[in-house]
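Take a look at the structure set out below.
Read-outs: derived from the displayed coordinates by stated rules, not from any lab. As the structure is a prediction and not an experimental result, all values here were calculated from the model. Positions of Cβ are generated from backbone atoms using ideal geometry, with glycine treated the same way; all protein chains shown enter the neighbour counts.
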Amino acid sequence: MSPTTAEPTAVLSANFTPKSLAELDTPALMVDLSAMERNIARMAAFFKDKPAKARPHSKTHKTPQIALRQIAAGAIGVTCAKLDEAEVMLRAGVPSVLIANQVVGPFKTARAARLARLGELILSVDSAENVRELDAAAAREGQPLNVIIEVDVGMDRSGTRTPQETLELAKLIRGLPNLRFRGLMGYEGHAVMIPERDKRAEAARLANSKLVSHAEYLRANRVEVEIVSAGGSGTWEMAGSHPGITEVQMGSWVTMDAHYKKIIPEFENALTVLCTVISRPSPERAILDCGMKAITKDFELPVVKDGGAEVISLSEEHCKLKLTSRELAIGDRVELIPSHGCTTFNLHNELFVVKDNEVVDVWPVAARGGFH
Ligand SMILES: Cc1ncc(COP(=O)(O)O)c(C=O)c1O
């Protein structure tokens, strides 16, 4: 499927009647379309002349309209964490999906083989048991499966540890009739949030070098390695420039959040939750109708867009603000920037698309809650 297939969905819905922000019920998840498009353009400009390509992680936004915009700007496909996300993305017309998490067990392996009929699906593996069950599921469904091996590049999570282990697993895959060995992935999650840029770059360089050394070891043993996938938002440029890395799986950058913004300021905060002031119990206190069921407190508390107030706590359905220099009355609206976009998107069914202070579209967060 060529990138042009994505173009019709890259325009706004023809039947949506624009409305003002005042017409939105709250809490409402909103994306500033222009800011998100500038983020996508920045990413596209970087990858345009690089050997590596962008394969953005769609676990952040779970929204096909965003994925298709990334693809229209040059991304080769998306990364997903779960089959539910992969299904949503493939059905929406995303041409290629890499699942970065292991897909284990009889239900999931059979489902993966069925989903592989919808478009290119690449699964990451790190054990012989999983490789054998994927081959058996692919045989039963009559649908070959693409696999890459996950290498642990220092995060101490999933993945093979030594080049010899990676080679053994690659040989096993290549010997099975229903699997296609495509390459390696290694996510340097231990590096992406290191605040100091030089220390982060060094941790990323070591992790990316480890991944590439596994690829070289396989090639030295006559195993072809096509894909070498790495990177997160904090290391996007580092992984994207590292010799031997062929694709980068960064996620949060597209809408950016308050926490990552301190680490990679080059991307704009495009994601907010619109809230309403429901109580003013004292001169320095305002209460909003938005608790942790509508915005995450992962990493830290949300940040008040435009300032003048500070979030001091979130309970289930309330947000407590300390007013510093902002006057707020009952019924006023406040926008909060989530500390973490990925765990905020997943709380909402809809994403309201805002341009020049007008709601110009509404997109379903179609893979929201899809953790299978
Ligand atoms: C496997 C994998 N790849 C890439 C990412 C990058 O995501 P982000 O750019 O949001 O840090 C993550 C984040 O959790 C991940 O688990």
_Computed helical MRE - 222 nm, the chain, DSSP H runs ≥ 4 contributing -39500 (n - 2.57), nearest 500_ = -8500 deg cm²/dmol
*Spatially proximal lysines relative to K210 (Cα-Cα < 18 Å; intrachain offsets below 8 disregarded)*: K199
_Rounded Å value of the spacing that divides the Cα centres of the range 235-274 and the range 299-335_ = 26 Å
*Does the range 239-372 classify as rounded, prolate or oblate by the C-alpha gyration tensor (a ≥ b ≥ c root eigenvalues; a/c under 1.5 gives rounded; else a/b over b/c gives prolate, otherwise oblate)?*
prolate
*asked:* For S313, S339, which order do you get if you count the other beta carbons within 10 Å of each Cβ and list the fewest first?
replied: S313, S339
*Would you please name the GluC sites (Glu not before Pro) within the range 286-362 that are DSSP coil residues with at most 11 other C-beta atoms within 10 Å of their C-beta?*
E316, E327
*Degrees separating the helix 128-141 axis from the principal Cα axis of the chain, which is the longest one*: 90 degrees
_Label-point separation in nm, L118 to V104, each point 7 Å along Cα→Cβ_ = 2.4 nm
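Name the longest site-free stretch of the chain, where the excluded sites are chymotrypsin sites (Phe, Trp or Tyr not before Pro) in a DSSP loop with no more than 15 other beta-carbon atoms within 10 Å.
Details: sites that count: F16, F299, F371.
It works out to 17-298.
Just for the chain, what percent of DSSP beta bridges are antiparallel, to the closest 5? All intermediate terms of the calculation are to be shown ahead of the outcome.
On the way: 30 of 60 bridges.
Given both bridge residues lie in the chain, the antiparallel proportion sits at roughly 50 percent.
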*Given a Förster distance of 25 angstrom, what is the FRET efficiency for L206 paired with F299, based on the Cβ-Cβ distance and rounded to 0.05?*
0.55
*Which angle between 0 and 90 degrees, to the nearest 10, do you get for helix 163-174 versus the longest principal axis of the chain when only C-alpha atoms count?*
80 degrees
*Taking the range 35-255, how much of its Cα-Cα pair set, in percent, is spaced more than 23 angstrom apart?*
43 percent
*From a point 7 Å beyond the Cα of K322 in the direction of its Cβ, which residues of the range 267-311 have a backbone N at a distance under 15 Å?*
282-287, 301-304, 308-311
*Mind checking the full-extension length gain between E23 and K355? Use 0.36 nm per residue of separation minus the Cα-Cα distance, one decimal, nm.*
118.1 nm
*Hull surface divided by four, with the convex hull built on the Cα atoms of the chain: how many nm²?*
18.7 nm²
*asked:* Could you order the peptides 78-84, 197-203, 89-95 from most to least packed, using the average number of other C-beta atoms within 10 Å per residue?
replied: 78-84, 89-95, 197-203
*Cα centroids of the range 67-137 and the range 20-35: how far apart, whole angstrom?*
32 Å
*Distance between modelled label sites at S315 and I278, nm, 7 Å Cα→Cβ extension*: 1.1 nm
